[in-house]
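Remarks on the structure that follows.
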Amino acid sequence: MILIAGAGPTGLTLAVDLARRGVPVRVVDKADRHFVGSRGKGLQPRTLEVLADLGVLDAVRAAGAPYPLLRMHGPNGHDDRPMFEPGEAEPWMLGQGEFEAILRAKLAEHGVRVELGAELTEFTQDGDGVTAVVGGTEIRADYLIGADGGRSFVRKRLGVAFVGHPVDQLTMVIADVTSRGLDRDRWHLWPQARPTMIGMCPLPGGTDRFQLMMGITAEPSETSSEISEDYLRAALHERTGRTDVTLTDPTWTSIYRSNARMVDRYRIGRVLLAGDAAHVHPPTGGQGLNTGVQDAYNLGWKLAAVLNGAPGALLDTYEEERLPIAADVLGLSTELLGKNIRREDGGFKRGKETQQLHLTYRGSSLARGEHGGDRVPGVFGPGFTLLALGSQCPADAVAAPELREHYGCDFVLVRPDGHVGVSTDDLADVQNYLAITS
Ligand SMILES: Cc1cc2nc3c(=O)[nH]c(=O)nc-3n(C[C@H](O)[C@H](O)[C@H](O)COP(=O)(O)OP(=O)(O)OC[C@H]3O[C@@H](n4cnc5c(N)ncnc54)[C@H](O)[C@@H]3O)c2cc1C
């Protein structure tokens, strides 16, 4: 059994991936109630591919909405800008709370329910498994996954360093509010507002809900844990000059100081870290949740394979593949945040670098052949897929007559997470690869 501590997007994605493979899994969360805020609200194109494979994309599409145009308000009026170049893959907007609810519903279809009010408070490990204490009760598991967020208990208990620093001076207030008076087909930003920027992003769902985001200058009165309705309304009116815009009913508020930190190890024996427990970074570029989802997607098939008899060393490739990606995401999101703060052009523009479609595991010990590690568009799990030139096609392979044109070889073995395992002309390479991964 796999024990997952933390039922955020990372833990839930991993749980769905394991459950659909028939792996016994328990998901425990210390919270008494499910999270309801909009927090990470942008699902990147690569994440949408993953969600299609997990069987939740239709629900995500139905509940969410495309990104609206940006409306930049300034002293002399406003102008509207697309965030993306025409024809580019675009992210999909859906509040994190709703996204988590969709994952929970899928998990329930697989017969697994999140255990709430179930805090992991202790664990030890030996050669055969992990003994964890959850809600005062001992649980024995084959592996423990710390998907328990930026303040991860699992990470601290392991003694794994969280190396990094706070980013710039930006402290943000984020809140879900009801508001009338602003067009709902625009993401409104007042980048030059004083003392700092403010934004109002319409949330999907056909309501009057917006996600308000604004910088604060960290005065003591502003960093109390209670950000009241009056405080938010006054800030909106003062910073935008739009006293006609209403603001009521803040259902979720958060004070947020950007950090760029990550671990230097993802695996200590039978305990692995994933998502924010392993890396946190500024929300600019909308990468955090997405990176956690893809940590989970990289790990799910490997855990399942190892439980089914694959060599345990397969799990080392999780860190090998995901750690460099986290390092890149830290750099990218920090750079975009800097551009926003300096009000530079490009700070709000999103392109290929944030879609996560280009991410590759090239250089990993699991990446073999010229194209090893690259993402293969449109080919997904849950198992391995062997693409083969028509004339060479073994019975269980998918005929791909244009393989040589695209990959310059006769066989491409696609891993369950949609990346090339091996590209080769020799079927024996495929068999060797399968021997170490399944
Ligand atoms: C203001 C804000 C805006 C953001 N915007 C974006 C965005 O646009 N796009 C994006 O991709 N990301 C965004 N993010 C980041 C995103 O919200 C996080 O990256 C994401 O929530 C991480 O998911 P997770 O599952 O790893 O951790 P979390 O969502 O933090 O979940 C961790 C879970 O673990 C539980 N837990 C903690 N300790 C224990 C314990 N000891 N035992 C049991 N359970 C425990 C917690 O209760 C929690 O439910 C934003 C974040 C913030 C704060």
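What follows draws every value from the coordinates through simple rules; no lab data is involved. Here the structure is a predicted model, which is why all the values come from computation and not from measurement. We place every Cβ from the backbone using ideal geometry, glycine too, and count neighbours over all the protein chains shown.
Rounded to the nearest 20 Debye, what is the dipole magnitude of segment 360-438 about its Cα centre when Lys and Arg each give +1 and Asp and Glu each give -1 at the C-beta? Could you put the intermediate results ahead of the total?
Working: 5 positive and 10 negative charges, 52 e Å.
That gives a dipole near 240 debye.
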Rounded to one decimal in Å, the inverse mean reciprocal Cα-Cα distance for segment 106-159, i.e. its Kirkwood radius, is 12.4
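Looking at the square roots a ≥ b ≥ c of the eigenvalues of the Cα gyration tensor of segment 381-434, which shape do they give, rounded for a/c under 1.5, prolate if a/b is larger than b/c, or oblate? Provide the component values of the computation, followed by the final result.
Details: a/c = 1.41, a/b = 1.34, b/c = 1.05.
Cα axes put segment 381-434 in the rounded bin.
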If one computes P(r) from the Cα atoms of the chain, what percent of pairs lie at distances over 29 Å? 49
Segment 351-376 to segment 75-114: how many Å between their Cα centroids? 24
How big is the antiparallel share of DSSP beta bridges in the chain, given as a percent to the nearest 5? 75
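Rounded to a whole number, what is D in µm²/s for segment 166-258 from Stokes-Einstein with the Kirkwood radius over alpha-carbon pairs (37 °C, 0.692 mPa s)? Intermediate results must be reported in sequence, preceding the final value.
Details: Rh = 13.3 Å.
The Stokes-Einstein estimate is 246 µm²/s.
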HN-Hα J couplings of segment 252-269 from phi, Karplus 6.51/-1.76/1.60, θ = phi - 60°, integer Hz, Gly and Pro as x? 8, 10, 8, 9, 9, 10, 5, 10, 10, 9, 8, 7, 9, 9, 9, 9, 10, x
May I have the count of lysine pairs in the chain with C-alpha atoms under 19 Å apart, counting pairs 8 or more residues apart or located on different chains? 5
With label points set 7 Å from each Cα along the Cα-to-Cβ direction at Val398 and Glu85, the distance between them in nm comes to 2.8
For labels at Asp426 and Arg362 in the simple 7 Å Cα→Cβ model, what's the distance in nm? 2.3
Among Glu100, Glu320, rank each residue by its count of other Cβ atoms within 10 Å, from fewest to most, as a rough exposure measure. Glu320, Glu100
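Sort segment 64-107 into rounded, prolate or oblate with this rule: let a ≥ b ≥ c be the square roots of the eigenvalues of the Cα gyration tensor; rounded if a/c is under 1.5, and if a/c is not under 1.5, prolate when a/b is larger than b/c, oblate otherwise. The partial results should precede the final answer.
On the way: a/c = 6.20, a/b = 2.14, b/c = 2.89.
Oblate.
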Taking the alpha-carbon set of segment 229-300, what are its Rg and Dmax in Å? 18.6, 58
Using a 10 Å cut-off around each Cβ, can you sort Ile145, Ile102, Ile325, Ile4 from fewest to most neighbouring Cβ atoms? Ile325, Ile102, Ile4, Ile145
Using the Kyte-Doolittle scale, find the helices of the chain whose mean hydropathy is at least 0.5 and whose Cα atoms extend 30 Å or more along the helix's long axis, counting only whole DSSP H runs. none
With point charges of +1 on the Cβ of Lys and Arg and -1 on the Cβ of Asp and Glu, referenced to the Cα centre of the chain, which listed residue (Leu303, Gly64, Gly372) lies farthest in the positive direction of the dipole? Gly64
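Listing Arg151, Arg239 from the residue with the fewest other Cβ atoms within 10 Å to the one with the most, what is the order?
Working: Arg151 11, Arg239 20.
Ordered by Cβ neighbours within 10 Å, fewest first: Arg151, Arg239.
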Once you have the Cα-Cα distance between Ile436 and Thr178, take 0.36 nm times their residue separation minus that, and quote the gain in nm to one decimal. 87.5 nm
With just the Cα atoms defining each centre, how far is segment 398-438 from segment 126-182? Give it in Å. 36
